[in-house]
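Engineer: Encoded as structure tokens, here's the structure I'll be asking about.
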Amino acid sequence: MDAHQEFKSVCDILSVSRQVTVLTGAGISAESGIPTFRGKEGLWKKYRAEELATPTAFIEDPKLVWEWYDWRRGIIGAKKPNPGHDVLAAWEGLFPHFALITQNIDGLHQNAGSKNVIELHGNIWKQRCIEEQTINENHDIPLREIPPHCPLCGALLRPHVVWFGESLDGSVLQRSFLLSSNCDVMLVVGTSAVVQPAASLPLSAAEAGAKIIEINPDPTPLTAHADFSFRAKSGELLPFLDAELRKQLQKRE
Ligand code: APR
């Protein structure tokens, strides 16, 4: 099947789907100017994750960790969602059931208008008290205090994100597996598909019989398991897919 036929088949499949689940990674925000983690200019090429994104690193040097997150907030805060985010926000109302699961902590899906975003790895605009576990939202750029402290009890605040070596929130994970193993189609957009447990979601969807559609300029370990895998940028391909899909849905009316 050539790329055009594959594209048409994907539109056919989507146009009759009732439950569509999407998993996104850093790649969907790349065209907004936010560095990915493992790409050529990726964050983990420049910075040592073990010094900045682990509970041990935070205990050893909370100021260093917060300086890094303050820097990242400064970058992300200046960026806008791109057409890839916009299409997924619009799809929330296009399918009978639609779920958006993201590994991203940048909040760009919500800025694009997505209402029901499942954040697997937390959110960089949220902070958590290490004593009371209370969570608050803070969009100050730069942060007024580094490291910041809990306004209620004065204890240290930490970024409300999942660090390496930490478990994901159990209810978030359970819901994500449920939405993956009960969908007709799973779109996997902009992830290297190497970080667990997120990388297992598409495999559980495939096992349950869902069609897997991958969008990534580069192949990943998921490519061999995908029914369709497009070597493309999501901010370019998703608007095309959306336009073609809407034409097909109109024809059916
Ligand atoms: N459109 C689609 N995909 C893209 C684009 C684009 N414009 N640009 C890059 N990509 C792809 C890359 O080819 C790569 O496969 O996005 C992927 C990004 O992979 P990673 O940088 O590994 O990011 P991600 O998969 O989201 O990382 C998972 O690892 O570091 C942790 O917690 C962090 O959530 C993150 C997790």
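Each reported figure results from applying straightforward, stated rules to the coordinates on display, with no laboratory input. All figures in this text were calculated on a predicted structure; none of them were measured in a lab. For neighbour counting, all protein chains shown are included, and Cβ atoms are generated from backbone atoms with ideal geometry for every residue, glycine included.
Engineer: Please enumerate the residues belonging to the stretch 114-132 that are over 12 Å from the mean Cα position of the chain (by Cα), charged (D, E, K, R) and part of a strand (DSSP E or B).
Structural biologist: LYS126, ARG128
Engineer: Quick one: what pairs do we get from the stretch 131-159, first residue in contact (Cβ under 8 Å) with a residue 40 or more places away in the chain and of a type in the set (A, V, I, L, M, F, W, C), second part of a loop (DSSP other than H, G, I, E, B) and surrounded by fewer than 14 Cβ atoms within 10 Å (Cβ to Cβ), C-beta under 9 Å, 6+ apart or different chains?
Structural biologist: As it stands, the answer is ILE141/ALA78; LEU156/GLU131, since those pairs meet every condition given.
Engineer: A further question follows. Which of the residues that make up the stretch 43-55 are away from the ligand (no atom under 13 Å from the Cβ) and in contact (Cβ under 8 Å) with a residue 60 or more places away in the chain?
Structural biologist: Of everything in the stretch 43-55, just one residue is away from the ligand (no atom under 13 Å from the Cβ) and in contact (Cβ under 8 Å) with a residue 60 or more places away in the chain, namely PRO55.
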